[in-house]
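The values are calculated or read from the model by the stated rules, or taken from the named source; none is laboratory data. What you are looking at is a predicted structure, and each value in this text was computed from that prediction instead of being measured. No Cβ is skipped: glycine too gets one built from the backbone with ideal geometry, and neighbour counts run over all protein chains shown. With ligands, DNA and RNA removed, areas are computed over all heavy atoms of the protein, side chains included. Shrake-Rupley method; radii C 1.70, N 1.55, O 1.52, S 1.80 Å.
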Amino acid sequence: MRRIAWLKVWIVFIVLLAIGSYAVYWTDWFQKKFVYPLPYQDLVYQYAIENNVSPYLVAGVILAESKFIPQAKSPKGATGLMQIMPETGQWIVSQIDNEYKLVGDLTDPETNIKLGTWYLASLKKEFAGNEVLMLAAYNGGRGNVKQWMNKYDWTMQFSNIEQIPFRETKEYVGKVLRNKQRYEELYGR
């Protein structure tokens, strides 16, 4: 009988712990601190506003790409917070009017965010503000997106993420858009 009483106590304790943990997990404090942090917030806002891109979209990209780790490097060589390929970074530098002649250190948060937001802005312009196409191009390449648009008769109003033929790109676009929505909810107040 004593064993059954202890078992009931443990069950109640575990249930209460689970309820408490669930409640804490969904607090804005916990979400901001551990799930959707926003380090480099000033830089994200500065360059997003400068390039007319949503800061929440930029934050969503950074979370998906590097989890805000400036030294992140992909197996293919993409580097920094927004995972910019060195060649892409050099191309961006050649397109913008600034003091840089070389791409610089892509692990530097300011350099990476500056170049990454400019690149997102160029994709925004190219794809008429369509975030699904912008993000697909950011991940899968603008050339691939243009091919898909021709092959599948996609217009600039395309929105069906499930039709994206690259699984990685399809998952990436969905993840970034969910991140963006959550960042808007947490930081957009």
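For residue 30 and residue 171, calculate 0.36 nm times their separation in residues minus their Cα-Cα distance, and state this gained length in nm to one decimal.
Gain in length upon complete extension: 48.3 nm.
How about region 51-81: which trypsin sites (Lys or Arg not before Pro) there are in a DSSP loop, with at most 13 other Cβ atoms within 10 Å of their Cβ? Intermediate values should be presented prior to the final figure.
Working: sites: 67, 73, 76; in loops: 67, 76.
For trypsin sites (Lys or Arg not before Pro) across region 51-81 that sit outside H, G, I, E and B with at most 13 neighbouring Cβ atoms in 10 Å, the list reads 67, 76.
Suppose only helical runs count, i.e. DSSP H with n ≥ 4. What mean residue ellipticity at 222 nm does that imply for the chain under -39500 (n - 2.57) per run, divided by all residues and rounded to the nearest 500 deg cm²/dmol?
That comes out to -20000 deg cm²/dmol.
Expressed as an acute angle from 0 to 90° and rounded to the nearest 10, what is the orientation of the C-alpha long axis of helix 109-126 relative to the principal long axis of the chain?
70 degrees
Among 22, 154, 56, whose Cα lies farthest out toward the positive end of the dipole of the chain, if unit charges sit on the beta carbon of Lys, Arg (+1) and Asp, Glu (-1)?
Projecting each Cα onto the dipole axis, the largest value belongs to 22.
Taking 0.36 nm per intervening residue step and subtracting the Cα-Cα distance, what contour gain separates residue 110 from residue 178 on full extension?
The span from residue 110 to residue 178 would gain 22.0 nm if fully extended.
Across the Cα atoms of region 61-189, what radius of gyration and what greatest pairwise Cα-Cα distance (Dmax) are found, in Å?
According to the Cα coordinates of region 61-189, Rg and Dmax are 14.8, 42 Å.
Can you order the peptides 117-130, 50-63 by their average number of other Cβ atoms within 10 Å per residue, highest first?
Listed from highest to lowest mean packing, they are 50-63, 117-130.
Whole number in Å², please: accessible area per residue of the chain, 1.4 Å probe, ligands, DNA and RNA not counted.
It amounts to 60 Å² per residue over the chain.
Tell me the carbon and sulfur percent of the accessible area for the chain, rounded to whole percent, probe radius 1.4 Å.
About 58 percent, which is the carbon plus sulfur part of the accessible surface.
Is there a quick way to get the dipole size of region 19-95? I mean about its Cα centre, with the Cβ of Lys and Arg at +1 and of Asp and Glu at -1; what is the value in debye to the nearest 20?
Details: 5 positive and 5 negative charges, 55 e Å.
It comes to approximately 260 debye.
Please list 3J(HN,Hα) in residue order for region 168-182, calculated via the Karplus relation 6.51 cos²θ - 1.76 cosθ + 1.60 where θ = phi - 60°; whole Hz, with x for glycine and proline.
Result, rounded to whole Hz: 4, 5, 4, 5, 4, 4, x, 5, 5, 5, 5, 4, 4, 4, 5.
Explain nothing, just compute: Karplus ³J(HN,Hα) = 6.51 cos²θ - 1.76 cosθ + 1.60, θ = phi - 60°, for every residue of region 42-57 in order, whole Hz, x for Gly and Pro.
These are the phi-based 3J(HN,Hα) values: 4, 5, 4, 5, 4, 7, 5, 5, 4, 9, 6, 10, 5, x, 6, 5 Hz.
To the nearest 0.05, how large is the calculated FRET efficiency for residue 4 and residue 185 if R₀ is 30 Å and r is the Cβ-Cβ distance? Mind dumping the intermediate values first?
On the way: r = 45 Å, r/R0 = 1.49.
In this case the efficiency is close to 0.10.
What does the highest-first list of 160-168, 36-44 look like by mean Cβ count within 10 Å?
36-44, 160-168
Give a residue-ordered list of calculated ³J(HN,Hα) values for region 26-31 (Karplus: 6.51 cos²θ - 1.76 cosθ + 1.60, θ = phi - 60°; whole Hz; x for Gly, Pro).
Working through the residues one at a time gives 8, 6, 4, 4, 5, 4 Hz.
For residue 84, which sequence-distant residues (separation of 5 or more, or a different chain) have an amide H within less than 5 Å of its own amide H, given hydrogens modelled in the peptide plane?
79
Longer than 31 Å from Cα to Cα, which of 8/32; 33/146; 114/151; 76/125 are they? Say none if no pair is.
8/32; 33/146; 114/151
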